[in-house]
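*Asks:* Below is one structure. I have some questions about it.
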Amino acid sequence: MTRFQIRANLKKAVTKESITGLQIRTRLKKKSSSVLFKAAYVGTSASGVALITLAGVSGAQAAVVNGNFSTNNFTGWQTIGNASVVNQKAEINAGGNTNKFDLEGFLGLASGALNTINTAPTFGSAIKQTISVAAGDTLKFDWLFDADDYLPYNDFSFYSISSAANLLADVALVGNYGQTSDQTTYTFANAGTYTIGFGVMNSLDNALSGTRLTVDNVEAVPEPLTILGTLAAGSIGAAMRRKYKQQDAN
């Protein structure tokens, strides 16, 4: 169905339902892609017919490839340093010879970004993937940080969105040789293509290499339908179904 046919069907359906002052924003998701429909009330014709115009149609992918690591490897991901998949979970180890400058370059971080979350990052490892999202989509993932060090060697873990790094946990938070786990979410304010990354690093030295970050269930969740959008979409859908039934009967 062409864009013009969609607009014509919407106009006829709304005429029969007498819908006015309507704003619709629905996302129709099929597999890994979604289609965004926007319709806005324009006015009323001399005959009292409510007019609706299609404001835009666009597609946006919000899918992370192999986000649960079910392939038991890094299909869909890129890695640097010491990283592996163990029991369908990504395990990223601080031990290795990848310095902070190489890590920042690999992840596309701004120069010095790692120093904003740790005063003395030295060596570590990371994984990354590039995804496309719509405004309002949410990145969600499970993680576990296991520190194999003690203060003042403040090993740390982080996630990154494009050029910015965000702290997950460090030795100062979990205590000497401590660990913690959680689920983190991040909502994208703007549609676009983003590089997401996960990493772990030694701090001050590179003597102990057992500090690790485990990551699993990485997904980008589309923005939920609003109540208004759901009701509006259902109303138009019902009107169009009645229209087609009447055409079949004739």
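*Asks:* Looking at (1) modelled with pLDDT of 95 or more; (2) over 15 Å from the mean Cα position of the chain (by Cα); (3) not hydrophobic (A, V, I, L, M, F, W, C), can you tell me which one T187 breaks?
*Replies:* T187 satisfies all of (1) modelled with pLDDT of 95 or more; (2) over 15 Å from the mean Cα position of the chain (by Cα); (3) not hydrophobic (A, V, I, L, M, F, W, C) except (2).
*Asks:* Same structure again: Going through region 97-113 one residue at a time, which ones are within 25 Å of the chain's Cα centre (by Cα) and part of a loop (DSSP other than H, G, I, E, B)?
*Replies:* Of everything in region 97-113, those that are within 25 Å of the chain's Cα centre (by Cα) and part of a loop (DSSP other than H, G, I, E, B) turn out to be G108, L109, A110, S111, G112.
*Asks:* Which one of these does G124 not meet: (1) more than 20 Å from G76 (Cα to Cα); (2) out of contact with any helix residue (DSSP H, G or I) (no Cβ under 7 Å at 6 or more places or on another chain); (3) surrounded by 15 or more Cβ atoms within 10 Å (Cβ to Cβ)?
*Replies:* Among (1) more than 20 Å from G76 (Cα to Cα); (2) out of contact with any helix residue (DSSP H, G or I) (no Cβ under 7 Å at 6 or more places or on another chain); (3) surrounded by 15 or more Cβ atoms within 10 Å (Cβ to Cβ), G124 violates only (2).
*Asks:* Which residue pairs have Cβ atoms closer than 6 Å, lie 6 or more positions apart in sequence or on different chains, and pair a first residue in region 198-219 that is at negative phi and among the polar types (S, T, N, Q) with a second residue that is modelled with pLDDT under 95 and assigned to a loop (DSSP other than H, G, I, E, B)?
*Replies:* S209/G95
*Asks:* Additional query: Yes or no: region 172-181 includes at least one residue that is over 15 Å from V215 (Cα atoms) and part of a strand (DSSP E or B).
*Replies:* First, pick out the residues of region 172-181 that are over 15 Å from V215 (Cα atoms): 172-178.
Imposing the further condition that a residue be part of a strand (DSSP E or B) reduces the set to none.
For region 172-181, residues over 15 Å from V215 (Cα atoms) and part of a strand (DSSP E or B): absent.
*Asks:* Now a separate question. Tally the residues that are surrounded by fewer than 16 Cβ atoms within 10 Å (Cβ to Cβ) and free of Cβ contacts under 8 Å to residues at least 24 places away in the same chain, restricting the search to region 60-83.
*Replies:* The qualifying residues number 5.
The values are calculated or read from the model by the stated rules, or taken from the named source; none is laboratory data. Because the structure is a prediction, the values reported are computed rather than measured. Every residue, glycine as well, gets a Cβ built from its backbone with ideal geometry; the counts of neighbours run over all protein chains shown.
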